[in-house]
1. Go through segment A:231-283 and report how many residues are part of a loop (DSSP other than H, G, I, E, B) and among the aromatic types (Phe, Trp, Tyr).
2. Go over the candidates B:GLU94, B:GLU39 one by one and state the one that is more than 10 Å from chain A (Cβ to nearest Cβ) and not in a loop (DSSP other than H, G, I, E, B).
3. With the requirement that a residue be without any contact (Cβ under 8 Å) to a residue 12 or more places away in the chain, open to solvent by less than 100 Å² (accessible area, probe 1.4 Å) and assigned to a helix (DSSP H, G or I), what does segment A:185-196 give you?
4. Looking only at segment A:33-44, decide whether some residue is touching a Leu at 6+ places or on another chain (Cβ under 9 Å), at pLDDT 80 or above, within 24 Å of A:ARG101 (Cβ to Cβ) and facing chain B (nearest Cβ under 10 Å).
5. Of all residues in segment A:13-25, which are open to solvent by 50 Å² or more (accessible area, probe 1.4 Å) and either free of Cβ contacts under 8 Å to residues at least 12 places away in the same chain or within 11 Å of chain B (Cβ to nearest Cβ) (or both)?
6. Quick test for you: out of B:GLY26, B:GLY57, B:GLY37, B:GLY42, pick the one residue that is free of Cβ contacts under 8 Å to residues at least 40 places away in the same chain and either acidic (Asp, Glu) or under 16 Å from A:LEU36 (Cβ atoms) (or both).
7. Quick check on segment A:124-136. Is at least one of its residues touching a helix residue (DSSP H, G or I) at 6+ places or on another chain (Cβ under 6 Å) and under 30 Å from A:LEU161 (Cβ atoms)?
8. Of all residues being over 11 Å from the mean Cα position of the chain (by Cα) and open to solvent by less than 60 Å² (accessible area, probe 1.4 Å) in segment B:1-26, which is nearest to B:PRO65 (Cα to Cα)? Just the residue, please.
Amino acid sequence: MSAAVLPDHVSAYASEVRRHLADLPHEHVDDLTDGLEADLTEAVADAAGAEGDAAAVDLAARFGHPEEYAAELRAAAGLPERRPDEAAGRPTGGRVRRSVRSMMDDVESAVEEMTNQVWWPWVRDLALALRPVWWVARGWVLFNCVAVVLGLGGGPVPVVLPADPFGLLVLVVLVLTSVQLGRGEWRLPARARWVMVVVSAVAAVVLLPMLVAAGSARTDVRIEEIYSQASPDDGVYRDGEPVRNLFVYDADGEPVDGARILDDAGRPVEVERGEGYDPETDVTTYLEPRLDASGREVWNAYPLWSWTSDEGTWDDDLGIVRPEEGAAPPALPVPRLAPLPAPDVDAGDDSGDEAP
Amino acid sequence: MDTTQLLKGVLDAAVLAVLDDADGYGYDVVRRLRAAGLEGVGDASVYGTLRRLYAGGSLTTYVVPSDEGPHRKYYGINAHGRATLETQRAEWHEFSSAMTALLLTEGEAR
């Protein structure tokens, strides 16, 4: 059968028929015209079998004008004739009004064509189920529009959730309003309904770009957070590199063993604990703190004892490389420093009691 | 004689009779009516009649998916429809006998 090659003039004819039934309740129209395309297609194919080319069959000649067809349908179905004011007697305004009306008719018949598809109930039910999401989204879009004007939101807009409490309040109020209007719990006066239509239309257009913008704004914030978290929070750094160990020399330039270092607030100054791996030499350096009298680790007593993975063997129990003889004091970077000259006794009043 | 006018009065009975034979979808019913000799029956009249009989409780309906196009809405007759058909059948026999007798008399009289 040639069902597949005919849809154009058949569906055009069918939608014309539906248009002439448009004054009836939707379920009546659906009832009357359910399967209309299929029936027309088959009838055309039958006619073509006798007359030749199926696509050349003139539907209006075969079935009559769509208006007559619609009239026959509704008469046979026992439904009232089209009301005169609906048919031809509509107020005839200027040319603009007429062309607007014909445009509306086109839209109407396009919508009817869509609603007659097999998949339409599925899509309609899905859309109905998603309506609350749309109400919330509409309130959110409205909030961001207001936020741009009033400078709300506590930062760049659009935002998913405003950072400032007042902005949050405005968002909640707008979303609530949108939902209540959507549910029909609140009603605008009839004269103000068009405001709702305009706002909804604008929101529908703006929603997607705004979501994208809000989404990317949030990514920026996240990157910022990662950067700030990457800043050093503990340890000793020089030239941005972590210091692995500290060596203390006294005034005479001699190395001090077990020197404990505090900062100006009395907090222990500790280098980064744990293993330091140098990818260039493939050597891991291990650190071991001194222990105090009660066996607690003292991490700010320098130099920390250390060894490298070259100097020991893998210890399965500890999960690290251990030297055979245990940790040892590390090699000094320099054996000793030049002694500092003794402080000048006469340099100032403060240093008087430091004189030997 | 205008057969379309005649058809209007008997289309319900004709459609019910066709469906009493076997279930069918819209155009299928049209085709069977035409095959039975009712050439002048209008597509839209049949579809409208089907819809009205269904709304009146004489028919059942079910949808059959089709591989090559839109689904098909099939109609079948139910008990109420069969009862209606019986009544109309009886009425038609009475009416047609009367008409036949009347027309034959006139024909013979001419």
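The values are calculated or read from the model by the stated rules, or taken from the named source; none is laboratory data. Just so it is clear, the model here is predicted, and its values are computed rather than measured. For neighbour counting, all protein chains shown are included, and Cβ atoms are generated from backbone atoms with ideal geometry for every residue, glycine included. Remember, those area values only see protein heavy atoms, side chains included, never the ligands or the DNA or RNA. Shrake-Rupley method; radii C 1.70, N 1.55, O 1.52, S 1.80 Å.
1. First, pick out the residues of segment A:231-283 that are part of a loop (DSSP other than H, G, I, E, B): A:231-236, A:239-240, A:243-247, A:250-254, A:257-258, A:261, A:263-267, A:269-275, A:279-282.
This time we only want the ones that are among the aromatic types (Phe, Trp, Tyr), so: A:247.
Matching residues across segment A:231-283 total 1.
2. Result of the check over B:GLU94, B:GLU39: B:GLU94.
3. Within segment A:185-196, A:ALA190, A:ALA192, A:VAL195 qualify.
4. There is at least one residue in segment A:33-44 that is touching a Leu at 6+ places or on another chain (Cβ under 9 Å), at pLDDT 80 or above, within 24 Å of A:ARG101 (Cβ to Cβ) and facing chain B (nearest Cβ under 10 Å).
5. The answer is A:PRO25, and nothing else.
6. Numbers: B:GLY26 fails: free of Cβ contacts under 8 Å to residues at least 40 places away in the same chain; B:GLY57 fails: either acidic (Asp, Glu) or under 16 Å from A:LEU36 (Cβ atoms) (or both); B:GLY37 fails: either acidic (Asp, Glu) or under 16 Å from A:LEU36 (Cβ atoms) (or both).
Result: B:GLY42 is the single residue among B:GLY26, B:GLY57, B:GLY37, B:GLY42 that is free of Cβ contacts under 8 Å to residues at least 40 places away in the same chain and either acidic (Asp, Glu) or under 16 Å from A:LEU36 (Cβ atoms) (or both).
7. Step one: filter segment A:124-136 for residues touching a helix residue (DSSP H, G or I) at 6+ places or on another chain (Cβ under 6 Å), giving A:135-136.
Among the residues that remain, those that are also under 30 Å from A:LEU161 (Cβ atoms) are: A:135-136.
Checked segment A:124-136: at least one residue is touching a helix residue (DSSP H, G or I) at 6+ places or on another chain (Cβ under 6 Å) and under 30 Å from A:LEU161 (Cβ atoms).
8. Checked segment B:1-26; the qualifying residue nearest to B:PRO65 (Cα to Cα) is B:TYR25.
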